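Inspection log for the structure reproduced underneath, given as structure tokens.
The values are calculated or read from the model by the stated rules, or taken from the named source; none is laboratory data. Since the model is a prediction, treat every value here as computed from it, not as a measurement. Because the Cβ atoms are built from the backbone with ideal geometry, glycine has one as well, and the counts that use them run over all protein chains shown.
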Amino acid sequence: MKFKILLLSFLTSCILLPVFGQKSETGGNKKFSVSGVITDRNNKPVSGATIFIDSVLTKYTTDEQGRYRLKVNPTAKKIYIFSPEIGYAEADINGGSTINAILKNNIEDVPSFITSSKSANVKNPAKPQKINTYTNIYQMIRQEVPGVLVNGKSIVVQQSNSFFGSSTPLFLVNGVRVNSIDYINPVEVKSIKLLKGSNANIYGVEGANGVISITLFSGSEK
């Protein structure tokens, strides 16, 4: 009787062994490498950017040349690359091994799972990006505010109603009317809003050519 039990056990193991081996050969659970180069919109490498896979923060970051490499599960669908100084980019993985991306100064659009992670550190996200991007307030307005034409220090709001031969918009800094914005350093700017048409009517004739409202960082936010 004991001999029969041992024989049955041996035969069972012989049957199960090939099935186990077949699963391991499929490679269905095998991770694969994903790598690439991350740059900003000026084609400069972005170092220290964090990598997320399907909304989950990984331990990987880009190096000084903006390069990264990591292994992902075959079920991975999306990769997110985030820099608190510039913004983020996302791409479908689709089994690809090389994924390059450009970060485009889109801090305001960063997904909530990134901003809530420990890697985000986005207290004043707009401030660092201005240091490397803009040399003066007029360059900043030209890049950041759609619907305006900037030529040197001349600013014209498109589709504005010009009165008295003037095309200069009204400038507000922290809600106060100012005659010049030359003194403003881009790194001090928290936000810029353009008001025109019915949205500028509350400023009367002064707002006929549009209103550019600039908010600066307060002392506690610097």
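The residues of the range 144-167 that are farther than 20 Å from residue 198 by Cβ and modelled with pLDDT of 85 or more, listed by number, are 144, 149, 150, 151, 152, 153, 154, 155. Among the residues of the range 188-218, those identified as assigned to a helix (DSSP H, G or I) and surrounded by fewer than 19 Cβ atoms within 10 Å (Cβ to Cβ) are 188, 197, 198, 199, 201, 202, 203, 204, 205, 206.
In this structure, does residue 133 turn out to be polar (S, T, N, Q) and either modelled with pLDDT of 80 or more or on the phi > 0 side of the Ramachandran plot (or both)? Criteria not met by residue 133.
For the range 62-83, the set of residues classified as farther than 15 Å from residue 99 by Cβ and under 15 Å from the mean Cα position of the chain (by Cα) consists of 83 only.
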